[in-house]
Amino acid sequence: MTVFRKATLVAAGFCALFSGTALAGEKVIIKDVTGRDVEVSVPVEHVILGEGRQIYFVAALDRDEPFKRVVGWRDDLPKADPESYAAYLAKYPDIAKLPTFGGMKDGTFDVEQAVALKPDVIVMNLDAKTATEEAGYIEKLGKVGIPLVYIDFREKPMENTEASMRIMGKLLGQEAKAEDFIKFRADSIAKVTDVLAKQQPARPVVFVERAGGYSDDCCMSFGDENFGKMVEIAGGINMAKDIIPGTFGAVNPEQIIAANPDQVIITGGNWQGYVPGGDWVGVGYGADVKEAHRKLENLTKRPAFTGVKAVKDGNVHAIWHQFYNNPYQFVAIQEIAKWLHPELFRDLDPEATFKELHARFLPLDYKPGYFVSLKGE
């Protein structure tokens, strides 16, 4: 039995995160992913999202009306994921009127504006914790009775996704739906890990380039978390695992050439709003796969990939960057497993998994475009 299935079987044990079952409007203590005990009246009715991309998991829990509780959000979604934003905007045009905020880390979050919106809770990503504390925002918000809760789908997503979904389920009064999502996620990952545990295949060396082509520098990557951990779960060896001490970092071209990876995976997205005309690979919701393929092939011509086995064999792939920042990582794990072990996972269909995720949990219709590969083309 995999650790992911075991996690679903002990779901009840995680109820210790909370101080009992809440009635409508009851104050409870929620333990966020940092271990802080935060008093919140649940279910909340007014929420500020510290990042626009948090709609990825809010929508999975509030499917029918994903924005009904949102009174403000960070302004990142239109630039970080313009296709998803456009799809949500088309279905929920009033989101264009939602107040927007800058980020905690760049010092542009307006705490006075946040207070004026009278939220029941502010949801912040774990990576904003240091900036939030240094600015004294928790104390300032606490004085006016506004709790701040940290969740995490980016820094240690394979460790914190289930807890974060349970926290959000409690906040939104959608505990049962959160558990349904968690089980679906665990079962989807087990379709990979069960096979690997039984077959014990040789593990290829994989280089994961974070946001390849976003800048001229080479190369951002992942340590032993996020996409780096996804590669390991999917049956590979993350090349940068012992080079990058934390979740995020960089490797130099010489290290890539010396490691001679068997597979290369580049994360991408439509970053026209950030880097107009950049070399990034624009995979994502309803993306132009032919154009993404062209740009992916172009990235293999950089010096860092000179003579690398993955390029020679055509084992170079692009995957939607935003899997690194939402609870849908299990789809990425399935796709990576098919790239790394095509014979073992011939019958596994990550596209069908993503379609089922949309059909069961999300308000948007599924559109392909999240993956592209040079293999066999």
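The values are calculated or read from the model by the stated rules, or taken from the named source; none is laboratory data. As the structure is a computational prediction, the values presented were derived from the model and not from experiment. In this analysis, Cβ positions are derived from the backbone assuming ideal geometry, glycine residues included, and neighbour counts consider all displayed protein chains. Ligands, DNA and RNA are stripped out before the accessible areas are found, and what is left, the full protein with its side chains, is counted by its heavy atoms. Shrake-Rupley method; radii C 1.70, N 1.55, O 1.52, S 1.80 Å.
Just a few scattered comments:
- Residues within the stretch 339-377 that are small (Gly, Ala, Ser) and under 22 Å from residue 236 (Cα atoms), tallied: 2
- Within the stretch 100-133, the set of residues being more than 30 Å from residue 26 (Cβ to Cβ) and either at pLDDT 90 or above or surrounded by 13 or more Cβ atoms within 10 Å (Cβ to Cβ) (or both) comprises 100, 102, 103, 105, 110, 127, 130, 131.
- In the stretch 229-248, the residues that are free of Cβ contacts under 8 Å to residues at least 40 places away in the same chain reach residues that are buried (at least 24 other Cβ atoms within 10 Å of the Cβ) and hydroxyl-bearing (Ser, Thr, Tyr) with C-beta atoms within less than 9 angstrom, at least six apart or across chains, in these pairs: 238/221; 239/221; 240/221; 243/221; 244/221; 248/221.
- Residue identified as within 17 Å of residue 375 (Cβ to Cβ), in a helix (DSSP H, G or I) and touching a residue at least 40 places away in the same chain (Cβ under 8 Å) among 295, 338, 312: 295
- Complete set of residues in the stretch 66-99 that are in contact (Cβ under 8 Å) with a residue 12 or more places away in the chain, of a type in the set (Lys, Arg) and either within 25 Å of residue 370 (Cβ to Cβ) or open to solvent by 70 Å² or more (accessible area, probe 1.4 Å) (or both): 74, 79, 91
- Filtering the stretch 218-248 to residues that are of a type in the set (Gly, Ala, Ser) and on the phi > 0 side of the Ramachandran plot leaves only 235.
- Filtered residues of the stretch 196-215 (kept if open to solvent by less than 20 Å² (accessible area, probe 1.4 Å) and in a strand (DSSP E or B)): 206, 207, 208, 209
- Matching residues, the stretch 227-251, being assigned to a loop (DSSP other than H, G, I, E, B), more than 26 Å from residue 188 (Cβ to Cβ) and either touching a helix residue (DSSP H, G or I) at 6+ places or on another chain (Cβ under 8 Å) or among the small types (Gly, Ala, Ser) (or both): 243, 244, 246
- Lone qualifier among 153, 109 - being under 30 Å from residue 333 (Cα atoms) and in a loop (DSSP other than H, G, I, E, B): 153
- From 265, 233, 256, residue being crowded, with 20+ Cβ neighbours inside 10 Å and over 24 Å from residue 370 (Cβ atoms): 256
- Residue that is nearest to residue 159 (Cα to Cα) [pool: residues in the stretch 322-359 that are touching a strand residue (DSSP E or B) at 6+ places or on another chain (Cβ under 7 Å) and open to solvent by less than 10 Å² (accessible area, probe 1.4 Å)]: 332
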